[in-house]
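Data first, discussion second: the structure below is written as structure tokens.
The values are calculated or read from the model by the stated rules, or taken from the named source; none is laboratory data. What you are looking at is a predicted structure, and each value in this text was computed from that prediction instead of being measured. All Cβ positions, glycine included, derive from the backbone under ideal geometry; neighbour counts span all protein chains shown.
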Amino acid sequence: MRLGLTPAFLVKIVSSVVLIPARSVHKSELVKMKLLTHNMLTSKSMKGVTVGYPLGINVVDIKVTEVDFNPEFISRIIPKLDWSVLWKAADTIGQLDDLPKELSQEYENDNDFLKKVHHVLLEVDIVNGELVCPETGRKFPINNGIPNMLLNEDEV
Amino acid sequence: MAESCVLGCESEELKFQMEPSGNSLKKLERKMRKCHAVVEKETGIPCSTSNPTKNVVVCNSGLSNGLTEEVVMESFMSFGTLDRIIMLPGKSCCFVVFKNLANAKDAFEHINGKLKIAQDNKPILLGYSETLPAVRPIDFRVKPPGLKVVPDFISEAEEELLLSLVNFDEDEGGDGVMKHRQVKHFGFEFRYDINNVDKDAPLEVGVPAECDFLWDRLKSRGLDFRPDQLTVNHYKPGQGIPPHVDTHSAFDEPLLSVSLSSDIVMDFRHRNGKHLPVFVPRRSLTIMNGESRYDWTHGITPRKLDVVPSEKGITANERGVRVSFTFRRIRQGECECIYKSLCDSHRRKAEDISNEIAAKLESTHVHQVYEDIADHFNETRHKPWPNVLDFVLSMKPGSIVVDIGCGNGKYMGINKNVFDMGCDRSFNLLDLCVESGYNVFNCNCLSVPLRDGIADGVICIAVIHHLANEERRKQSISEMIRVLRVGGRALIYVWAKDQNYYRKSSYLKQNRKNRKDETDITEQDEIKFSFDRVTLPIHTNRKQFLHQDLFVPWKLLNEGTISDEFLRYYHVFEENELDYLVRTFDDVEVIESYYEQGNWCIVFEKVK
């Protein structure tokens, strides 16, 4: 645990990791809020919020599922990510697995690295927990893998 | 990509393609078969390579993609005497008829797949046909009702005088360099952001007095007209103006336009599907009254050539720089025309639902209904729209695609090489998505919880017709634009008010009665339902829509009988309404907009 590196808003509560062995999983088992989705989500449309990013993660339980590795897909997705946010999020939920903090220059050809990114982006699902607005502390629950980002009329 | 290189345009200095090798020969044959099928679909005339005739079909090039009769003549005449050339307006093919068969075969063998006169210097692909299209040259005499074009209304000296009034420099583009043309306003500014004039803010410079001779001339011809607004448009060859109707509430009738410097063809379109190209010569005056002013859109297709009348029938005419002076009178008050379809005043009157009520209406008659009908909805929503599938499949590997209002996730998981995220207001529909293994989150399309500029593609299918006023519909579009990256594209589908635009859509056909005869219900038969302070009619399913804002019943069946009925709120769209909403944003460009089976559809790209 490198708590010193974890910003205050990324608070880790519980992390009960359920590992599913490598096998072809039935689709319906794939409940998911992936870190890739987390990398895109923001609370900026809330009244009074200017950036709303990144959202903190409080995890109740996560699930790890094997997903087919597509290196081309991963290397094309990487430039679209906020890398430091992904790194911190992976750290928060204990899935860092020595993923480097800095993005290397020639990641396209680094299969080991792409595999690690693949794992963090697509194989880790937050099943239950909550996302937290970094500015207001407003919590967005995640139930059954679905983040509820709905705002009340008075919050918009 | 690879395909266009094989038959491509890399060696521009070579007008003829190199002799194809075995592999590319197969490719060529495949391409030709495709082209033949397109010709047959477009003209009804089958063509082949196996049965040579005197009729040679240019299958991939015609008037619609810039091929002119002159170029065809030049390319084919060296092989023998030509009987005639048939150019079809709006088609990407044309027919060359030789006097004898041997010449036709000779031309075919030398030219097919080699002569680069198709679009972007690509080679033309040929075929033979047994029959020829019945040539019906465009009748430029047929015009929309109320439209008059007076040729030679002004002299060349007067043309010079008018042109001297406005200076369009390369750098200083008058009131603005529009995407496709330059404009300058006098009297009142026409504001493209609000699609209207600010009637309380006249410009310092009014309509120039130099134009006064026009009003005297009109008076001598029995028309008493004096405009208080002038818009000057400057079009370079290749530029145009999208189909539009001059905002009803902004201007009275008639609309007058003087054309300078170059001839042009103006396209008039009616929502019944009629399309009339109107030839507007240089130095003519165009007068739009009545139906042509209120119920037809007019526009100029961006291209460098126009099909114009010639002695032989039709031919292509190169455009020069064209300047138009459009003179109008500002309307006082709202428009009271009878042509409601394109009338913004009518739209405003029909729609006066405040945000507060709209939110309640959507909550009760959209959100809650989808929660209640989610399972049944899921059973009935499986057949995807082919153009939506094409859009999703066209996304490049590694793209991020957002489906706003994803419902049961019908369009998710289709393109395996993209990351797709879906969102919807309905918890029950999202549960169905999760069962299918899709990435989803819950939100309202009015505030999408995604970072700016992260999406390569956005689709929003059958969603924003559930928003109860225009401000909210615009807000949802602005959210789509916000999450798109520059260069990213969005596709929107909404229900059309006119379910009969081309022919009966499948929605109407499902009503057996409609297959036989059109038994229209009248407004008197209608049942209305009141919600809060809003009273809206309840739609009769499988019928034409009589109103834009209404309730559409969803019936839950239990063993063949209706066990429950829910009223969903809908705002069904008029023609051009979706276009109009999208075009209010200046950071997007409309790629295409079309009608498909009772829906208005639009594809646009974020450009800045």
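Give the residue that is farthest from the other protein chains (Cβ to nearest Cβ), with candidates limited to residues of the stretch B:443-464 that are small (Gly, Ala, Ser) and in contact (Cβ under 8 Å) with a residue 60 or more places away in the chain. Among them, the one singled out is B:ALA462. Residues that are without any contact (Cβ under 8 Å) to a residue 60 or more places away in the chain and closer than 14 Å to B:SER447 by Cβ within the stretch A:114-153 comprise A:ASN148, A:LEU150, A:ASN152, A:GLU153, listed in sequence order.
Among the residues making up the stretch B:311-354, those that are more than 30 Å from B:SER530 (Cβ to Cβ) and at pLDDT below 75 are B:GLU311, B:LYS312, B:GLY313, B:ILE314, B:THR315, B:ALA316.
Filtered by the rule that a residue be free of Cβ contacts under 8 Å to residues at least 40 places away in the same chain, crowded, with 22+ Cβ neighbours inside 10 Å and of a type outside the set (Gly, Ala, Ser), the stretch B:393-409 gives B:CYS406, B:ASN408. Might you let me know whether the stretch A:131-146 holds any residue that is within 14 Å of chain B (Cβ to nearest Cβ), at pLDDT below 95 and part of a helix (DSSP H, G or I)? Among the residues of the stretch A:131-146, not one is within 14 Å of chain B (Cβ to nearest Cβ), at pLDDT below 95 and part of a helix (DSSP H, G or I), which makes the answer no.
For the stretch A:114-156, the candidate set comprises residues that are more than 15 Å from A:THR92 (Cβ to Cβ) and among the acidic types (Asp, Glu); within that set, the residue that is surrounded by the fewest Cβ atoms within 10 Å (Cβ to Cβ) is A:ASP154.
Looking only at the stretch B:390-408, count every residue that is more than 11 Å from chain A (Cβ to nearest Cβ) and in a loop (DSSP other than H, G, I, E, B) and tell me the total. Going through the stretch B:390-408 one residue at a time, the tally reaches 6.
I'd like the full set of residues that are outside any strand (DSSP E or B) and under 26 Å from B:ALA468 (Cβ atoms), limited to the stretch B:540-563. Result: B:THR540, B:ASN541, B:ARG542, B:LYS543, B:GLN544, B:PHE545, B:LEU546, B:HIS547, B:GLN548. Yes or no: B:ILE111 at negative phi and in contact (Cβ under 8 Å) with a residue 60 or more places away in the chain? Judged against the criteria, B:ILE111 is not a match. The criterion of being crowded, with 19+ Cβ neighbours inside 10 Å, under 30 Å from B:GLU577 (Cβ atoms) and modelled with pLDDT under 90 does not hold for B:ARG191. If you check A:ASP98 against the conditions, is it more than 14 Å from chain B (Cβ to nearest Cβ) and either farther than 23 Å from B:GLY453 by Cα or within 15 Å of the chain's Cα centre (by Cα) (or both)? Answer is yes for this residue.
Of the residues B:ASP106, B:ASP120, B:ASP152, the single one that is without any contact (Cβ under 8 Å) to a residue 40 or more places away in the chain and surrounded by fewer than 21 Cβ atoms within 10 Å (Cβ to Cβ) is B:ASP106. Can you find, within the stretch B:294-310, the residue that is farthest from B:ASP246 (Cα to Cα) among those that are in a strand (DSSP E or B) and modelled with pLDDT of 80 or more? Among those that are in a strand (DSSP E or B) and modelled with pLDDT of 80 or more, it is B:ILE300.
On inspection, B:PRO242 passes the criterion of being surrounded by fewer than 21 Cβ atoms within 10 Å (Cβ to Cβ) and closer than 25 Å to B:ASN196 by Cβ. Candidates are the residues of the stretch A:39-64 that are buried (at least 21 other Cβ atoms within 10 Å of the Cβ) and touching a helix residue (DSSP H, G or I) at 6+ places or on another chain (Cβ under 6 Å); the one that is farthest from B:ASP452 (Cα to Cα) is A:ILE57. Among the residues of the stretch A:41-79, those that are within 11 Å of chain B (Cβ to nearest Cβ), among the charged types (D, E, K, R) and outside any loop (DSSP other than H, G, I, E, B) comprise A:GLU72, A:ARG76.
Taking the stretch B:432-442 as the range and being modelled with pLDDT of 90 or more, facing chain A (nearest Cβ under 7 Å) and surrounded by fewer than 24 Cβ atoms within 10 Å (Cβ to Cβ) as the test, only B:ASN442 passes.
This table checks each residue for (1) of a type outside the set (A, V, I, L, M, F, W, C); (2) crowded, with 24+ Cβ neighbours inside 10 Å; (3) out of contact with any helix residue (DSSP H, G or I) (no Cβ under 7 Å at 6 or more places or on another chain).
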| position | (1), (2), (3) |
| --- | --- |
| B:HIS466 | yes, yes, no |
| B:ASN469 | yes, no, no |
| B:ARG472 | yes, no, no |
| B:ILE481 | no, no, yes |
| B:LEU484 | no, yes, yes |
| B:GLY487 | yes, no, yes |
| B:ALA490 | no, yes, no |
| B:ALA496 | no, yes, yes |
| B:TYR501 | yes, no, yes |
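Go through the residues of the stretch B:321-341 one by one and say whether even a single one is assigned to a helix (DSSP H, G or I) and not assigned by TED's automatic domain parsing to the domain that holds B:VAL448. For the stretch B:321-341, residues assigned to a helix (DSSP H, G or I) and not assigned by TED's automatic domain parsing to the domain that holds B:VAL448: present. Scanning the stretch B:568-608 for residues that are of a type in the set (A, V, I, L, M, F, W, C) and outside any strand (DSSP E or B) yields B:VAL572, B:LEU578, B:LEU581, B:VAL582, B:PHE585, B:VAL607.
The set of residues from the stretch B:123-149 being surrounded by 15 or more Cβ atoms within 10 Å (Cβ to Cβ) and aliphatic (A, V, I, L, M) comprises B:ILE124, B:LEU125, B:LEU126, B:LEU132, B:ILE138, B:LEU147, B:VAL149. Of all residues in the stretch B:417-430, those satisfying the criterion of being crowded, with 20+ Cβ neighbours inside 10 Å and more than 7 Å from chain A (Cβ to nearest Cβ) are B:VAL418, B:ASP420, B:GLY422, B:CYS423, B:ASP424, B:ARG425, B:SER426, B:LEU429.
B:PHE391 falls short on exactly one of the conditions (1) farther than 24 Å from B:ALA490 by Cα; (2) modelled with pLDDT of 90 or more; (3) among the aromatic types (Phe, Trp, Tyr), and that condition is (1). Filtered by the rule that a residue be surrounded by fewer than 18 Cβ atoms within 10 Å (Cβ to Cβ) and part of a helix (DSSP H, G or I), the stretch B:44-66 gives a lone residue, B:ASN65.
Can you say whether B:ASP424 is at pLDDT 95 or above, of a type in the set (Asp, Glu) and assigned by TED's automatic domain parsing to the domain that holds B:ASN378, as far as the supplied structure shows? Against the criterion (at pLDDT 95 or above, of a type in the set (Asp, Glu) and assigned by TED's automatic domain parsing to the domain that holds B:ASN378), B:ASP424 qualifies.
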